[in-house]
Amino acid sequence: MTTFDEIATRLEALAIEVPSWAYGNSGTRFKVFGSPGTPRTVEEKIADAATVHRFTGLAPSVALHIPWDLVDDFARLREYAEGLGVALGTINSNTFQDDDYKLGSLTHADPAVRRKAVQHNLDCIEVMHATGSRDLKIWLADGTNYPGQGDIRARQDWLAEGLAEIYVQLSDDQRLVLEYKFFEPAFYHTDVPDWGTSLVHCLGLGDRAKVCLDTGHHAPGTNIEFIVAQLLRLGRLGSFDFNSRFYADDDLIVGAADPFQLFRILVEVIRGGGFGQGSDVALMLDQCHNVEGKVPGQIRSVLNVQEMTARALLLDTAALEKARVAGDVLLANEIYMDAFYTDVRRDLAAWREERGLPADPMRAYLESGYQAQIEAERVGGAQAGWS
Ligand code: LRH
Ligand code: MN
Ligand code: MN
């Protein structure tokens, strides 16, 4: 059995990037509920993200979405964030909210629209220079609703061309991560529907093009940990968008719907070298909090990832390997489940206290008065983008 003490220092490597849009008001297509204390500016979103980090020590960077988080001076925004103890992280481009993109962006049949979409991504690279961000994340809403509507083959060629124009503008320490999603908003075909399509484009671009895996973007029953293992094996897993789903792209709190799936994914992340020293896999959240509090929602999320990472690190890999070699199916499964069922909450509380963090970050936040303060100060919070 691996003990908690043996994994304690390894846990220090855990860093989870939080999305700026998790702090804004969001909802479904039926209703966006406003909640008191919602940020009115990018700075206020960053202040909330910094608060999550202050109470948990787990969220040292915040991802931005452009143009949702557009400001005049990104160098100043970076200073502001750093002053609060967090870095600006992944820059997400957005080519899905402009009328011109109704029938596609990088895959649109009209070269002028494709040019506009490429240019937007180039503008995002400029932002990255100012913010010090490593990753440009591209997710496309591109697709069609009806058979015959588009030339699905030509759209792949246009996509490859556009991505190449973007990729060459990255500097040597920057990366492009291409996110896939199997449906929505298009329903007949999607231009980047799966990890295979994303990988094919990344392979065509170069070493610094990687796949982004959003856990909510798969058909029910998909074995996501297998995809993780395969992409890590190929050196092409760039980042995660963590969330959980019951039905579609629900964007619920990570680990809420299926904690065992999160465990299985993290086991493969660790197994494949995607965690800790030498790893360049970015662990991010991509969530929206429609009915629950946003800052505590984010705190719960990063704590869930921490708890499940600890349990995955506890897996006795030596004993597991022995059982596998011996062909002992039941013992192998027992060893695996033992790690999953280990309750690490008390150990984690002590671990946090040893590092000057609150033993129970959620309670500490609720008692801190931060929520009452932002509710009093902020009137008329802004709506987040949809996801
Ligand atoms: C698309 C997505 C993508 C977007 C975010 C807001 O469903 O997962 O990552 O950038 O939602
Ligand atoms: Mn996502
Ligand atoms: Mn999504």
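The values are calculated or read from the model by the stated rules, or taken from the named source; none is laboratory data. Predicted model, so just to flag it, every value in this text is computed and none were measured. Note: ideal-geometry Cβ built from the backbone for every residue, glycine included; neighbour counts use all protein chains shown.
Report whether or not ALA376 is of a type in the set (A, V, I, L, M), surrounded by fewer than 12 Cβ atoms within 10 Å (Cβ to Cβ) and modelled with pLDDT of 95 or more.
Working: of a type in the set (A, V, I, L, M): yes; surrounded by fewer than 12 Cβ atoms within 10 Å (Cβ to Cβ): yes; modelled with pLDDT of 95 or more: yes.
When the stated conditions are applied, ALA376 passes them.
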Legend entry - Qualifying positions in the stretch 110-144 - more than 14 Å from ligand 1 (Cβ to nearest atom), among the aliphatic types (A, V, I, L, M), under 21 Å from PHE183 (Cβ atoms) and surrounded by fewer than 24 Cβ atoms within 10 Å (Cβ to Cβ): none
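Inspect the stretch 82-91 for any residue being within 16 Å of ligand 3 (Cβ to nearest atom), modelled with pLDDT of 95 or more and not in a helix (DSSP H, G or I) and give the result as yes or no. Working first, answer last.
Initially, the stretch 82-91 is screened for residues within 16 Å of ligand 3 (Cβ to nearest atom), giving 90.
Those still in the list that are modelled with pLDDT of 95 or more too: 90.
In the following step, the residues that additionally are not in a helix (DSSP H, G or I) were identified as 90.
Checking the stretch 82-91: at least one residue is within 16 Å of ligand 3 (Cβ to nearest atom), modelled with pLDDT of 95 or more and not in a helix (DSSP H, G or I).
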Inset, instruction - Taking only the stretch 187-202 into account, find how many residues are away from ligand 2 (no atom under 16 Å from the Cβ) and either assigned to a loop (DSSP other than H, G, I, E, B) or touching a strand residue (DSSP E or B) at 6+ places or on another chain (Cβ under 8 Å) (or both). - result: 6
Inset, instruction - Could you tell me which of the residues ILE227, ILE166 is among the β-branched types (Val, Ile, Thr), in a helix (DSSP H, G or I) and either farther than 21 Å from LEU136 by Cβ or within 14 Å of ligand 2 (Cβ to nearest atom) (or both)? - result: ILE227
Legend entry - Matching residues in the stretch 243-254 - criterion: being in contact (Cβ under 8 Å) with a residue 40 or more places away in the chain and more than 16 Å from ligand 2 (Cβ to nearest atom): none
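Condition check ((1) without any contact (Cβ under 8 Å) to a residue 12 or more places away in the chain; (2) of a type in the set (A, V, I, L, M); (3) in contact with an Asp or Glu (Cβ under 7 Å, 6 or more places away or on another chain); (4) surrounded by 20 or more Cβ atoms within 10 Å (Cβ to Cβ)) across all residues:
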residue: PHE33; (1), (2), (3), (4): no, no, no, no
residue: ARG40; (1), (2), (3), (4): no, no, no, no
residue: ALA49; (1), (2), (3), (4): no, yes, no, yes
residue: ALA63; (1), (2), (3), (4): no, yes, yes, yes
residue: TRP68; (1), (2), (3), (4): no, no, no, no
Inset, instruction - Might you check whether a residue that is over 24 Å from TRP21 (Cα atoms), in contact with a strand residue (DSSP E or B) (Cβ under 7 Å, 6 or more places away or on another chain) and among the basic types (Lys, Arg) occurs anywhere in the stretch 209-222? - result: no
